[in-house]
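Colleague: Pasting in a structure now, in structure tokens, and then I'll have a few things to ask.
Only the coordinates and a few stated rules stand behind these numbers; no lab work does. Everything quoted here is computed from the prediction, not taken from an experiment. As a convention, Cβ positions derive from the backbone with ideal geometry for all residues, glycine included, and neighbour counts pool all protein chains shown.
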Amino acid sequence: MSAFATLASVYNTPVAMHGDVDITDSNTTTDSRALNQFLASVELKAFKIAQSALRHEHDALDAVQDAMLQLTRAYADRPAEEWRPLFYRILENRIRDMQRRRTVRARIMAWLPAHRDEDDEDGFDPISQAPSEEVTPTRRLELDEAMTALEEALHDLPNRQRQAFLLRNLEGMDVAQVAAAMGCSEGSVKTHHFRALKALRARLGEFSP
Amino acid sequence: MTSNDEELDDFEQRTRALLQESVSRIDGRLRSRLNQARHAALAELERPRRTSFWRSFGLAPAAGVVAALALAVVLWAPRPGQMSPVAEGGSSAVEDLDLVADGETFDLIQQGDGGFYEWAVAQADAGPEATS
């Protein structure tokens, strides 16, 4: 929509009773459907990315939910092709906030040795919670071990490397999209991705999932 | 492409397959939670966004400044036919505000120590010989 059209729509907005302006329009349903499809397409991968960084199921769910809410509240009226990089940028900020909060909390808890962190009781339950029925137990065990090893290796990567690697290899974004999501240059994305691959390869070796 | 790149590509393909497998194995409970989160987010979109009349014209900051100025005028301006509180009692309006805001002082007055103040005023009216 052009700037003129935007202004025109603002000035033509009907004034409702009680001093409020109702800005609901008929496009809401269409936007909602498109946004629903988009969020449904990213929610599982987003959860895996958040879980890989936070290693905590509830925190990962919270991070994804917050990212969904913020995208809906602030950017729903942006072009649909912008949603993916915006969503992952919001998600990464949320993950970083949670990591910082966790660091501060750990520092505080260090002064309270008698305190027991209740959140830790939930523990980290890797993806092996619900194995597929199509694989044999032996194969399932191999996959579980490989996934656990990969998740641990991913978790130990620096944030930017992990982000670049997962957006490329799990979300399937190209370098330009990852650069937009990470707020850096394409060259930086390539560097982060290359270093992530190198570190993972050095750690996991020739594993065979 | 070098052989090293080919190895990296092979490694990348295997990690990618493993990651996709891990996504496909997310259990129904988590899928349901994510589904609920998505619908909660979309409910925000369905809700009519109602904007304050003042905000719609960008007047909220101006209204705040006007309100603050009006309050300042009420507090500091002397009433007609009355001396300024500062000139009269040597205390400023800010101190008056502190007095009002001081809950402890207010409680003291409410607790019935009015007798002491009445006695002190009577002593002052009687002059210095009454206190000696």
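Colleague: Which of A:Trp83, A:Trp111, B:Trp119, B:Trp76 comes first, and how do the rest follow, when ranked by fewest Cβ neighbours within 10 Å?
Modeller: A:Trp111, B:Trp119, B:Trp76, A:Trp83
Colleague: In Å³ and rounded to a whole number, note down the convex hull volume per residue for the Cα atoms of segment A:57-108.
Modeller: 65 Å³
Colleague: When A:Tyr75, A:Tyr88 are ordered from fewest to most other Cβ atoms inside 10 Å of their Cβ, what list results?
Modeller: A:Tyr75, A:Tyr88
Colleague: Using a basic spin-label model with each label point 7 Å from the Cα along Cα→Cβ, how many nm lie between B:Ala126 and A:Ala40?
Modeller: So the two model labels end up 9.1 nm from each other.
Colleague: Roughly how crowded by other chains is peptide B:10-16, in terms of the mean Cβ count from those chains within 10 Å of each of its Cβ atoms?
Modeller: 6
Colleague: Averaged over B:25-33, how many beta carbons belonging to a partner chain fall within 10 Å of each residue's beta carbon?
Modeller: Across B:25-33, the average partner-chain Cβ count within 10 Å equals 6.
Colleague: What is the Å³ per residue value for the convex hull set by the Cα atoms of segment A:135-204?
Modeller: Cα convex hull per residue, to the nearest whole number: 78 Å³.
Colleague: Please compute, over every Cα-Cα pair in segment B:7-46, the percentage with a separation greater than 12 angstrom.
Modeller: Everything past 12 Å amounts to 68 percent.
Colleague: For B:Val65 and B:Asn35, FRET efficiency with R0 = 30 Å and r from the beta-carbon atoms, rounded to 0.05?
Modeller: 0.05
Colleague: Each label point is 7 Å from the Cα along the Cα-to-Cβ direction; what then is the distance between the points at B:Glu46 and A:Ile108, in nm?
Modeller: Placing both labels 7 Å along Cα→Cβ, they lie 3.7 nm apart.
Colleague: Compute the relative contact order of segment A:35-117 as a whole-number percentage, counting only Cα pairs closer than 8 Å that sit 6 or more residues apart in sequence.
Modeller: After rounding, I find 29 percent.
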